[in-house]
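Each value in this text was obtained by applying a stated rule to the coordinates, not by laboratory testing. All values derive from a computational prediction rather than experimental measurement. We place every Cβ from the backbone using ideal geometry, glycine too, and count neighbours over all the protein chains shown.
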Amino acid sequence: MQLFLDTANIQEIREGVRWGVISGVTTNPSLAAAEGIGDSGSYKAAVQEIADLLDGPISVEVVSQDAAGMIAEGREIAEWIPNPWVKIPSTAAGFEAISVLSRDGIKINQTLCFSVNQALLGAQAGSTAVSPFVGRLDDIGQEGMELVAEIVSLFRDYQIDTKVLAASIRHPLHCTLAARAGADIATVPYKILAQMAQHPLTDAGMTRFLADWEKAGSA
Ligand code: E4P
């Protein structure tokens, strides 16, 4: 399972890229707004800065509600960077936009997916990846990871090559479970990436190795 960073924060992306564990980045209007980005011009500049840091796909979300607007925005975003995945919502207008943009050869991250049926529609329309939102389903008392597992299983059964991108990841266990469920990608906030690297026994082991080494050196 590949890991993407779910952030528009350039420092976090720089750090994740330095670790050599990040294959892509996902952004959305909320993540952009958290970085003080509130218009298309500054979103474009931020995305171009991210693209300078890594070759992998960078997901950039449209804000239009109608198909014509999404198509126009998607075509524009596709020109911003070498490896864009245009994020289109799982709505009727979104499926129309996905079918047009995918026929243009533009890669699509179908976002805000909360059901198997939305995933099936997106796959038919030509989504490159579909993003089931695990945490937001958990928030309303539905087991979000079950949706990931169900989409993975159906896509395998029907040999659908749309990737399953587990999104709305809220804690490290989500990441482990997404991998077990067979997700192709999980997109994780930086805080969770950092938590994934930590284990108290690793810290304790390093402390003991160092103490033994120093004891032997001073003997
Ligand atoms: C990523 O593509 C999604 O936009 C993101 O994971 C949503 O996460 P949230 O539900 O924590 O906002």
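Count Lys and Arg as plus one, Asp and Glu as minus one, and take only other residues whose Cβ is under 15 Å from that of Thr91; the net charge is then -3.
For the pair Ile140 and Ser40, a Förster radius of 35 Å applied to the C-beta separation gives a FRET efficiency near 0.65, rounded to the nearest 0.05.
Toward the positive end of the charge dipole of region 135-219, with +1 on the Cβ of Lys and Arg and -1 on the Cβ of Asp and Glu, the farthest Cα among Ala194, Gly141, Ala167 is that of Ala194. Zone of Ala92 (label point 7 Å along Cα→Cβ, backbone N under 16 Å): which residues in region 103-140? Backbone N within reach: 118, 121-122.
Amide H contacts under 5 Å for Gly24: Leu5, restricted to partners 5 or more places along the chain or on a different chain, H placed in the peptide plane at 1.01 Å from N.
In terms of surrounding Cβ atoms within a 10 Å radius of their Cβ, Lys191, Lys87, Lys215 rank from fewest to most as Lys215, Lys191, Lys87.
Remark: region 36-85 carries a charge dipole of roughly 40 debye about the Cα centre, counting +1 on each Lys and Arg Cβ and -1 on each Asp and Glu Cβ. Compute the long axis of helix 200-218 from its Cα atoms, compare it with the longest principal axis of the Cα atoms of the chain, and write down the angle in degrees, 0 to 90, nearest 10. For helix 200-218, the angle is close to 30 degrees. The simple spin-label model puts a point 7 Å past each Cα toward its Cβ; for Gln48 and Arg14 those points are separated by 1.9 nm.
Across the chain, how many lysine pairs, 8 or more positions apart or on different chains, have C-alpha atoms separated by under 20 Å? Please give the number. Let's see the in-between values first.
On the way: Lys44/Lys87; Lys44/Lys107; Lys87/Lys107; Lys87/Lys163; Lys107/Lys163.
Here the count comes out as 5.
Using a cutoff of 8 angstrom between alpha carbon atoms and counting only pairs six or more residues apart, the relative contact order for the chain works out to 17 percent. Per residue, the convex hull spanned by the alpha carbons of region 70-142 comes to 83 Å³. Projecting label points 7 angstrom from Cα along Cα→Cβ for Arg75 and Arg156 puts them 4.0 nm apart. A Förster distance of 22 Å, applied to the separation of the beta-carbon atoms of Ser115 and Gln2, puts the FRET efficiency at 0.40. Over the chain, the hull volume per residue, using the convex hull of the C-alpha atoms, is 139 Å³.
Charging the Cβ of each Asp and Glu at -1 and of each Lys and Arg at +1, and nothing else, the dipole of the chain about its Cα centre rounds to 380 debye. Cβ crowding within 10 Å ranks Thr187, Thr207, Thr91 as Thr207, Thr91, Thr187, fewest other Cβ atoms first. P(r) for region 1-130, from all Cα pairs and a bin width of 5 Å, is 2, 12, 23, 23, 20, 13, 7, 1 %, short bins first.
Annotation: average projected area of region 112-172 is 3.9 square nanometres, based on the convex hull of Cα atoms across all directions.
When the chain is described by a simple charge dipole with +1 on each Lys and Arg Cβ and -1 on each Asp and Glu Cβ, the residue from Gly182, Val25, Gln11 located farthest towards its positive end is Gly182.
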